[in-house]
1. Under 14 Å from the Cβ of residue 31, count the other residues' Cβ atoms, weight Lys and Arg +1, Asp and Glu -1, and hand me the total.
2. Lysines near residue 61 by alpha-carbon distance under 25 Å, same-chain residues fewer than 8 away left out - which ones?
3. Helix 21-33 versus the longest principal axis of the chain: what is the Cα-based angle in degrees, 0 to 90, to the nearest 10?
4. Put +1 on the Cβ of every Lys and Arg and -1 on every Asp and Glu Cβ in the chain; which of 58, 75, 47 then has its Cα farthest towards the positive end of the dipole?
5. Calculate the tail of P(r) for segment 58-110: the fraction of all Cα-Cα distances greater than 18 Å, expressed in %.
6. Of the candidates 66, 101, 21, which one comes out as most mobile in a Gaussian network treatment of the chain with C-alpha springs shorter than 10 Å?
7. Of all alpha-carbon pairs in segment 10-89, indicate the percentage at a distance above 14 angstrom.
8. Which residue, 81, 19, 55, tops the fluctuation ranking in a GNM of the chain built on C-alpha contacts under 10 Å?
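Since every read-out is calculated from the coordinates, none of them should be taken as a lab result. Everything quoted here is computed from the prediction, not taken from an experiment. A quick note on method: Cβ atoms are made from the backbone with ideal geometry, for glycine too, and the neighbour counts reach across all protein chains shown.
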Amino acid sequence: MENGNAGGRKRKVMIRFRVTECERDMICEKMKQYHTNNLAAYARKMMIDGYVIHVDYSDLKAVAAEMQKIGVNFNQIARRVNSMTQIYEQDFDEMKDGIAEIWRLLRKSLRIKH
C-alpha cells in the first residue's frame, strides 16, 4: 500500500553510528530486558524517550582528596615514631581536622543533617 512516500516508507531519514563490540553486547542485553529483537525500534525508543543520568562526583572526589591527606599525615607520623619515638600533638590535630572535613563532605554529599 503506497502512502505517497518514496518506497512506502514513513521514516525517510537514516541515522547510522558505530559502536564497539562491548557496547553492542550491552545494547543487546538491554534489548533483552526490553523484550525486543528489533534494534531499530529499540534505538528509536531510547533516543526519543530515553534519558541520560549525570552524576556529580565532586563531593566524593573531595572526600578522596582529604583521605589522601590523612594517609600522608599518618605515614609521616609512623615514620617519625619509628625513627625518633616522637609524636606531635599538631599531627593528631591535623588528622582530626581532616576526618572532620571528610564527615562534613559526606554529610553534604548524602544530605545528612547533623
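1. Values: positive: 24, 30, 32, 44, 45; negative: 23, 25, 29.
Every neighbour counted, the sum reads +2.
2. Excluding near neighbours in sequence, the set is 69, 96, 108, 113.
3. 70
4. Sorting the options by dipole projection puts first 47.
5. Details: 516 of 1378 pairs.
In whole percent, the long-distance tail amounts to 37.
6. Highest fluctuation of the listed residues: 21.
7. Values: 2466 of 3160 pairs.
Considering segment 10-89, 78 percent of its Cα-Cα pairs are separated by more than 14 Å.
8. 19
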